[in-house]
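The values are calculated or read from the model by the stated rules, or taken from the named source; none is laboratory data. What you see is a predicted model, and the numbers here were worked out from it, not measured in a lab. Neighbour counts are summed over all protein chains in view; Cβ atoms, including those assigned to glycine, are modelled from backbone coordinates with ideal geometry. Accessible surface is based on the protein model in full, side chains and every heavy atom, while ligands, DNA and RNA are left aside. Shrake-Rupley method; radii C 1.70, N 1.55, O 1.52, S 1.80 Å.
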Amino acid sequence: MNNTVTHANSCTLHTHNNPHNGLFAIIAIHSTKLGPALGGCRCIDYPSTEYAIEDATRLAKGMSYKAALAGISHGGGKSVLIRPKEFKDRHAYFEEFGEFVESLGGSYITSVDSGTNIADMDDISHSTTHVCGTRHDGCTPSIYTAMGVLEGIKAAVKAKLHRQDLEGIHVVIQGVGNVGGALAISLERLGAKLSISDISDTTLDHCLQQLKHPGSVNIIAPDDIYNVPCDVFSPCGLGGIINQQSLPQLDCKIVAGSANNQLSNDSDGLHLHERGILYAPDYVINAGGLIDVSLIPQGVSEQDVALKTKNIGTTLEEIFVRSEKESKACHAIANEMAENILYH
Ligand code: NAD
């Protein structure tokens, strides 16, 4: 067992290795300038330790930028657990990870991410208080993420289409899981025209069952989603979907969805800008869940969390205005704004 501290990609890196139970944990802390670093715990397969470190540091930096523009008193961090071939004792594994989090004295607070769940957070909470998203703390991040995305879509429609409402606005949602499904319900209520897609038929059916008029919704095959003519393309599935293959196919005026890391790289954000497609930067529009897990455990009321989440629309309006005025891509403006808060 060891516990080392190194630095990589502007992050402080803490590692913990227990060969007896396969726990190999990396905690990357990018910034604590605004408060303790907050970010989820991933437990997935990685081809190498280097790849896992790269993922942890990239995600930790993204969390700093997200928290800065969401106006919450947290820095950015992320933990990555290289998933063992099998769990001998999953409860003990996450309790030990909790001890590792505790050893950092509160500079890092963990939460749910890919490959972890609420039960894992409960196990972590046996060893540390620096965890949110447990069964008992009342957080519902997906609901607030969907709320923020809805506000972002309203702001983008206002800026690009000069419309104050969403009646008849055609939104294509890629992925109708926790966030995309909740978003679909809200959009239907506001009179938007919906096209939806999911690689899981079960998830697709679940979403349709929750809608009032499922017969009015277009179901699109996952491979055909990009070239559906629409007002808003809303990626709520996986990251990296704005890329050299999808860009030429896009037939939308706005890209606004919850997925993390939507641009496969920065030049794709520039291409969107050059094509006149308004892009709501992912870490700005999808910050509702972070706002929820940051504020609810501090005792902030659900009403105030909702108000803060709705403010995402105002931040995006500022980004859209500056993008137009300065002829710069929206993701570049968002980065400048976040860096101004983090580094000055
Ligand atoms: P989820 O797993 O509940 O839903 C994602 C859905 O997308 C799944 O139903 C999956 O089958 C579908 N999907 C994946 N690839 C697809 C494809 N190529 N085409 C169509 N459907 C596809 O996840 P979620 O919690 O709803 O999160 C959605 C996205 O938003 C993720 O990228 C996540 O990282 C991001 N995000 C979520 C939150 C949150 O609070 N849940 C917060 C910030 C960011």
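Please build a GNM for the chain, connecting alpha carbons under 10 Å apart, and tell me which residue among Ser73, Ser142, Ser48 fluctuates the most.
Of Ser73, Ser142, Ser48, the most mobile in the Gaussian network model is Ser48.
Any idea which of Cys230, Thr134, Leu208 is furthest toward the positive side of the dipole for the chain, if Lys and Arg beta-carbons carry +1 and Asp and Glu beta-carbons -1?
Checked the options; the winner is Cys230.
If I take R0 = 35 Å and measure r between the Cβ atoms of Val300 and Arg163 in this structure, what FRET efficiency does the formula 1/(1 + (r/R0)^6) give, to the nearest 0.05? Write down the numbers at each step before the final one.
Values: r = 32 Å, r/R0 = 0.92.
Approximately 0.60, to the nearest 0.05.
Let me have the 222 nm mean residue ellipticity of the chain computed from DSSP H runs of 4+ only, each contributing -39500 (n - 2.57), with the sum over all residues rounded to the nearest 500. Intermediate results must be reported in sequence, preceding the final value.
Numbers: 12 runs with 145 residues, N = 344.
Estimated from H runs of four or more residues: -13000 deg cm²/dmol.
Rolling a 1.4 angstrom probe over the protein chains, ignoring ligands and nucleic acids, what is the accessible area of Ser10 in square angstrom, nearest 10?
The value for Ser10 is about 100 Å².
Volume per residue, Å³, of the convex hull around the alpha-carbon atoms of the range 141-342? Walk me through the intermediate numbers first.
Working: hull volume 23.2 nm³, N = 202.
In the range 141-342, the Cα hull volume divided by residue count equals 115 Å³.
What is the percent of Cα-Cα separations in the range 1-61 that go past 15 Å?
Numbers: 922 of 1830 pairs.
So the portion of pairs separated by more than 15 Å is 50 percent.
Could you give me the radius of gyration and the Dmax of the chain, taking only the C-alpha atoms into account and expressing both in angstrom?
Answer for the chain, Rg first and Dmax second: 19.9, 60 Å.
Explain nothing, just the number: dipole magnitude of the range 141-342 about its Cα centre with +1 on each Lys and Arg Cβ and -1 on each Asp and Glu Cβ, in debye rounded to the nearest 20. Please report the intermediate quantities before stating the final value.
On the way: 14 positive and 24 negative charges, 96 e Å.
For the range 141-342, the charge dipole is close to 460 debye.
Mind putting a number on the dipole of the range 239-338 about its Cα centre? Charges go on the C-beta only, +1 for Lys and Arg and -1 for Asp and Glu, and I need it in Debye to the nearest 20. Walk me through the numbers before you get to the answer.
Details: 7 positive and 13 negative charges, 21 e Å.
Dipole magnitude for the range 239-338 comes out near 100 debye.
Mind jotting down the three principal axis lengths of the range 10-164 based on Cα atoms? Whole angstrom, largest first.
60, 34, 30 Å, listed from the longest principal axis down.
Keeping all protein chains in position, work out how much accessible area Asp201 exposes to a 1.4 Å probe, and write it in Å² to the nearest 10.
Rounded to the nearest 10, that gives 110 Å².
Longest span of the chain, sites excluded, free of GluC sites (Glu not before Pro) in DSSP loop with at most 10 other C-beta atoms within 10 Å? Walk me through the numbers on the way to the answer.
Details: sites that count: Glu86, Glu167.
Of all site-free stretches, the longest is 168-344.
Suppose R0 equals 30 Å. What FRET efficiency, 1/(1 + (r/R0)^6) with r the Cβ-Cβ distance, do Arg135 and Glu50 give to the nearest 0.05? Intermediate values should be presented prior to the final figure.
Details: r = 35 Å, r/R0 = 1.17.
Rounded to the nearest 0.05, the efficiency is 0.30.
Nearest 0.05, what FRET efficiency do Ser114 and Arg189 give at R0 = 25 Å with Cβ-Cβ as r?
Working: r = 30 Å, r/R0 = 1.19.
Here the calculated transfer efficiency is 0.25.
Among Asp292, Asp251, Asp120, whose mean-square fluctuation peaks in a Gaussian network model of the chain (Cα, cutoff 10 Å)?
Asp251
In whole Å, how far is the Cα centre of the range 7-50 from that of the range 235-297?
Taking the Cα centre of the range 235-297 as reference, the centre of the range 7-50 is 25 Å away.
Given a 10 angstrom Cα cut-off, can you work out which residue in Leu290, Leu194, Leu316 is the most mobile in a GNM of the chain?
Leu194
Tally the DSSP beta bridges in the range 1-115 and give the antiparallel ones as a percent, rounded to 5.
Numbers: 20 of 29 bridges.
Taking every DSSP beta bridge with both residues in the range 1-115, the antiparallel ones total about 70 percent.
Rounded to the nearest 20 debye, what is the charge dipole size of the chain about its Cα centre when +1 sits on each Lys and Arg Cβ and -1 on each Asp and Glu Cβ? Walk me through the numbers before you get to the answer.
Values: 25 positive and 39 negative charges, 138 e Å.
Here the size comes out at about 660 debye.
Counting other C-beta atoms within 10 Å, and keeping those with at most 11, which DSSP coil trypsin sites (Lys or Arg not before Pro) do you find in the range 105-161? All intermediate terms of the calculation are to be shown ahead of the outcome.
Working: sites: Arg135, Lys154, Lys158, Lys160; in loops: Arg135.
Sparse-neighbourhood loop trypsin sites (Lys or Arg not before Pro): Arg135.
What number comes out for the charge environment of Arg58, summing +1 per Lys or Arg and -1 per Asp or Glu over other residues with Cβ under 15 Å away?
On the way: positive: Arg42, Lys61, Lys66, Lys78; negative: Glu50, Glu54, Asp55, Asp113, Asp266, Asp282.
Net local charge, Arg58 excluded: -2.
Based on DSSP, what percent of beta bridges with both residues in the chain are antiparallel, to the nearest 5? Could the numbers behind the result be given before it?
Values: 20 of 46 bridges.
If I count the DSSP bridges inside the chain, around 45 percent turn out antiparallel.
For Glu318 and Ser10, compute 0.36 nm times the residue count separating them, minus their Cα-Cα distance, and round to one decimal in nm.
Working: separation 308, 0.36 × 308 = 110.88 nm, distance 2.78 nm.
So the extension gain works out to 108.1 nm.
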